[in-house]
């Protein structure tokens with residue numbers, strides 16, 4: 001999951017010169033390893049998402065591993081559920097409500113999950129702006145869930161979340177994955193979807209479940225199309 005400067009530049013669709021400049025300015029999260037800069041793929045994606053930066057579609061074509069299919073955005077939302085009028089008037093209380101509503105296997109310790117989510121928020125807010133947050137854990141493997149889920153919760157009232165734009169949050173996408181790879185793909189797809197006007201509008205107006213899933217399904221088709229085009233380009237190159 002470690003990237004070099006060239007890979008990071010490609011993922012962010014910027015020049016390597018810009019990568020070095022952002023590192024020197026303390027703007028971009030990077031690690032110095034053997035006199036070379038390295039980036040954590042998940043951390044870089046989270047960073048780009050929180051700042052609404054466009055990410056290269058190459059993130060969607062990460063080589064497969066372990067033979068497992070890439071998780072579907074629609075199926076993950078269906079598995080996690082969509083909930084309305086979630087109660088809570090603080091960040092910690094709405095996260096507690098989120099964990100209580102998540103459709104998790106019986107073996108998952110919800111108290112532990114809540115502590116991990118709260119610890120993640122202490123590192124940096126998962127509020128990405130425009131009233132939306134994506135609470136998730138940095139290390140998805142510790143939860144031992146069998147499949148990735150996204151639980152979408154609309155709050156009873158907006159809550160301060162320390163988002164970059166300072167706006168209170170009214171919608172939470174709780175993301176839980178069994179593997180780092182599934183985590184990355186779901187986060188990238190959700191980030192892409194939230195830049196789509198149709199999907200984002202459905203979230204902003206707290207649309208009906210079927211309408212939200214229809215918008216997610218429409219966007220999912222673009223992933224399939226892009227993947228087919230990418231495979232064709234690779235086969236003839």
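Points worth noting:
- Highest average first, the peptides 206-219, 167-180 ordered by how many other beta carbon atoms sit within 10 Å of their residues are 167-180, 206-219.
- Computed Kirkwood radius, in angstrom, where 1/r is averaged over Cα pairs of region 2-55: 11.0 Å
- Peptide packing: for 197-203, 92-98, the average count of neighbouring Cβ atoms within 10 Å per residue gives the ranking 92-98, 197-203, highest mean first.
- The stretch between residue 84 and residue 17 holds 19.6 nm of extra length on full extension. This uses 0.36 nm per residue minus the Cα-Cα distance.
- Modelled spin labels at residue 165 and residue 92, positioned 7 Å past Cα toward Cβ, are 2.8 nm from each other.
- Estimated distance in nm for a label pair at residue 119 and residue 195, the labels positioned 7 Å out from Cα along Cα-to-Cβ: 3.2 nm
- Working ranking of peptides 113-125, 25-37 by packing, defined as the average number of other Cβ atoms within 10 Å per residue, highest first, is 113-125, 25-37.
- The simple spin-label model puts a point 7 Å past each Cα toward its Cβ; for residue 204 and residue 112 those points are separated by 4.0 nm.
A short reminder: the numbers here are calculations on the coordinates, not readings from a lab. These figures come from a predicted structure and were not determined experimentally. Backbone-built Cβ (ideal geometry, glycine too); neighbour counts: all protein chains shown.
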